[in-house]
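Student: Could you have a look at this structure, given as structure tokens, before my questions?
The values are calculated or read from the model by the stated rules, or taken from the named source; none is laboratory data. Since we're looking at a predicted model, the values are computed, not measured. So basically every Cβ, Gly included, is an ideal-geometry build from the backbone, and we count neighbours across all protein chains shown.
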Amino acid sequence: MTEKNTGSPFIQRWREFIPSSPYNRAMGFVGTGVEGDWCILSVPYREELVGDPSTGVLHGGVITALLDAACGLAVFLRLPEMKPMATLDLRLDYLKPATPGRDVLGRAQCYKLTHDLAFVRGCAYHDTPDEPIAMAVGVYMFIGKGAANPAQEGGKR
């Protein structure tokens, strides 16, 4: 895995996050960095991730998985420590296909954290989030003993 800003707190948290999901490792997601409250992951273009060989366009499930991972990581970046959670709801609006041969970036932000839930938004894109491939909104639920600390509600990372 190629990582930028290898000494950053983002990359340290990314290194904690990626082993928690063998699927994310298999997809080849890369921790790219942070812009303000937004975390950014990428998925390098690979032929085995293509949905339709005649077009070379990435499968929509790859975009979904990328945004789910980015949104989950955005939640973890807001927490004082990693906590178990599950995707309760994730809605994606696909706006255009990814360009064949190009890597895709997934950008996400946790904008509200409560005792039991985290609310996120994000997008997938190539060059700029202003020209998205897909937009996402989601809700993540803390499970087991890992419920969020209510004192963290509304707080910054």
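Student: Could you pull out the residue among TYR125, TYR140, TYR111, TYR94 that is in contact (Cβ under 8 Å) with a residue 12 or more places away in the chain, among the hydroxyl-bearing types (Ser, Thr, Tyr) and within 15 Å of ILE40 (Cβ to Cβ)?
Tutor: That would be TYR125, the only listed residue that is in contact (Cβ under 8 Å) with a residue 12 or more places away in the chain, among the hydroxyl-bearing types (Ser, Thr, Tyr) and within 15 Å of ILE40 (Cβ to Cβ).
Student: Find the residue count for the range 36-54, including only residues that are loosely packed, with under 12 Cβ neighbours inside 10 Å and not polar (S, T, N, Q).
Tutor: 5
Student: Please work out which residue is nearest to the chain's Cα centre (by Cα), limiting yourself to the range 37-57 and to residues that are within 16 Å of GLY106 (Cβ to Cβ) and not hydrophobic (A, V, I, L, M, F, W, C).
Tutor: The selected residue is SER42.
Student: Does ALA65 count as surrounded by 15 or more Cβ atoms within 10 Å (Cβ to Cβ), at pLDDT 95 or above, part of a helix (DSSP H, G or I) and touching a helix residue (DSSP H, G or I) at 6+ places or on another chain (Cβ under 6 Å)?
Tutor: yes
Student: Condition first: outside any helix (DSSP H, G or I) and of a type in the set (Phe, Trp, Tyr). Now tell me which residues in the range 69-96 satisfy that.
Tutor: Selection gives TYR94 alone.
Student: List, please: which pairs have Cβ atoms under 7 Å, are six or more places apart or on different chains, and start with a residue in the range 22-35 that is among the aliphatic types (A, V, I, L, M) and end with one that is surrounded by fewer than 18 Cβ atoms within 10 Å (Cβ to Cβ)?
Tutor: That search, which allows pairs on different chains as well, returns VAL30/MET1; VAL30/THR2; VAL30/GLU3; VAL30/PRO44.
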